[in-house]
1. Considering (1) of a type in the set (Lys, Arg); (2) farther than 21 Å from Ile393 by Cβ; (3) surrounded by 22 or more Cβ atoms within 10 Å (Cβ to Cβ), say which one Arg241 fails and leave the rest.
2. Starting from the stretch 173-202, take each residue that is at positive phi and list its partners that are of a type in the set (Val, Ile, Thr) and surrounded by 15 or more Cβ atoms within 10 Å (Cβ to Cβ), counting only C-beta distances under 6 angstrom and pairs at least six apart or across chains.
3. Those residues that are closer than 11 Å to Ile71 by Cα, in contact with a strand residue (DSSP E or B) (Cβ under 8 Å, 6 or more places away or on another chain) and either part of a helix (DSSP H, G or I) or hydroxyl-bearing (Ser, Thr, Tyr) (or both), I need them from the stretch 1-35; list them, please.
4. Quick check on the stretch 439-458: of everything there that is over 15 Å from Ala343 (Cα atoms) and either in contact with a helix residue (DSSP H, G or I) (Cβ under 7 Å, 6 or more places away or on another chain) or hydroxyl-bearing (Ser, Thr, Tyr) (or both), which residue is modelled with the lowest pLDDT?
5. Which residue, of Thr225, Thr148, Thr139, is outside the structural domain of Glu400 (by TED's automatic domain parsing), more than 30 Å from Leu311 (Cα to Cα), touching a helix residue (DSSP H, G or I) at 6+ places or on another chain (Cβ under 7 Å) and not aliphatic (A, V, I, L, M)?
6. Only one of Val380, Val423 is in contact with a helix residue (DSSP H, G or I) (Cβ under 7 Å, 6 or more places away or on another chain) and closer than 28 Å to Ala325 by Cα; which?
7. Would you confirm whether any residue within the stretch 117-129 is part of a helix (DSSP H, G or I) and under 25 Å from the mean Cα position of the chain (by Cα)?
8. Being under 27 Å from Arg160 (Cα atoms) and in the same structural domain as Ser152 (by TED's automatic domain parsing) is the requirement here; does Lys116 meet it?
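The values are calculated or read from the model by the stated rules, or taken from the named source; none is laboratory data. Keep in mind that what you see is a predicted model, and the values were worked out from it rather than measured. We place every Cβ from the backbone using ideal geometry, glycine too, and count neighbours over all the protein chains shown.
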Amino acid sequence: MGAQRKYEITTTPDGGVEIDPLHLLELTVACLDELHDEMARAGVKASAVAMSTFWHSFLGVDATGKSTTPIVHLFDTRSGPQVEQLRKQFDAAAIRARTGCVLHTSYWPAKLLWLKQTNPTAFSKTAKWVSFGDYLLATLFGNGSESTSMVSASGIWKQRENDYDEQLLDFIGLRREQLAPVDALDRPVKSLQQKFASRWPLLDGIPWCPAYGDGACNNIGSGCTTRDRLALMVGTSGAMRVVIRSQSIQIPSGLWCYRVNRKRYILGGALSNGGEVFRWIGKTFNVPPDAESEIEKRTPGSHGLTMLPFLAGERSPYWRPDLRAALTGMSLATTPTDVLQAALEGVSLRFKQIYLLFLEAYPAPTQVIASGGGLAASKVWRQMMADALGRPIVECLEPEASSRGAAIIAAEQLGFIKDMDEVPVELGPTIEPVTGNAELYEKMLSRDLKLFKQLFSEEVDPHGEA
């Protein structure tokens, strides 16, 4: 049972990445129509509704609930100048220690400041800044609801205090009434507005939990609910994350820290370049159909190429939206298969960097569990990840890890289950690193970092203080 609709993002030459909120709303309603029809035919009724939605992205709405801005996507980089303004105003390391987020175009502070300065009319008309999940619930129920998980990844939330950062709000010009009320976070809503209640009677009168962040949901859905299991996810982008149940947390340099819920932190590194690099290579180069089977037979790095896969800038560990991809070492003998191998190895090295940052502060995890469409579609890439990390990787076989995770988080919140840690996960085979390949990846990383320094002149900047 399920429904899916594709949506498009709008990109602009100056770095804009936006989504039409009304169009996304229409597609979501269409999916709910289809799901309700399936439920009616099957004779089942849901006990609750859980949602996963994209972290960091947001839109403005006016006093009537009408959108004043598009959904400003995570990958929108137009707020680069505003990042510089924030860095001049604040101690970047102190901001990261409080919010778990660096001063970067990924997060709300720079984006909101950019909107205020470039579109003051829309900014002044906005009564509330919301995630898409909050916008959806407000449309369906007449009142929205937000989760700790979503606000924790905004960049304006103090992780330890579970409250907004007043210094950032004051500088941006935000009022608390424009944000989700702290005392109402995580509160489900139940009674659909009449036009939707009559449309979906099987979904009315049951708890609809506010949306949780997609990264947190992916961890939980892939079984990575405790510190000893590290999630490695490659979708369009990529991430490596661990859930930590604690009263406080140490945040290693270069990484971020948000919340799954009030009881659990989620610590990790995120890449702007993951499966999209694979897709771009396939679209741009004449890669033969048997390229992956050919790469399987090769020694890592034997092509002599070095690729920095920064097609969309980069987040962890560099936190620089200005980075661009580079490929060196080409000759007349270079083939499209060589380029594909170098690109996949380049992304694998980014995960190695994140993993090494974890190990600076925490013991090595018992398991690294891999999920996401990017890795699921490529056996050779999964092997590269194991070789680059120098440790075994276990495949997650759950087909919809993020949706599953949202359901598990909601089930614990609503008391349907005692503890999400007890929910079993279906895992696949373990991929062992090839003997000797870890050393080759160490050499490739050294070459990679040398090229980075030559091209971009700066070392890794864990606080976004470039």
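1. For Arg241, the failing item is (2).
2. Asp186/Thr148
3. The answer is Thr10, Pro21, Leu22, Leu24.
4. Ser457
5. Just one listed residue meets the conditions, Thr139.
6. Val380
7. Taking every residue of the stretch 117-129 in turn, none turns out to be part of a helix (DSSP H, G or I) and under 25 Å from the mean Cα position of the chain (by Cα).
8. When the stated conditions are applied, Lys116 does not pass them.
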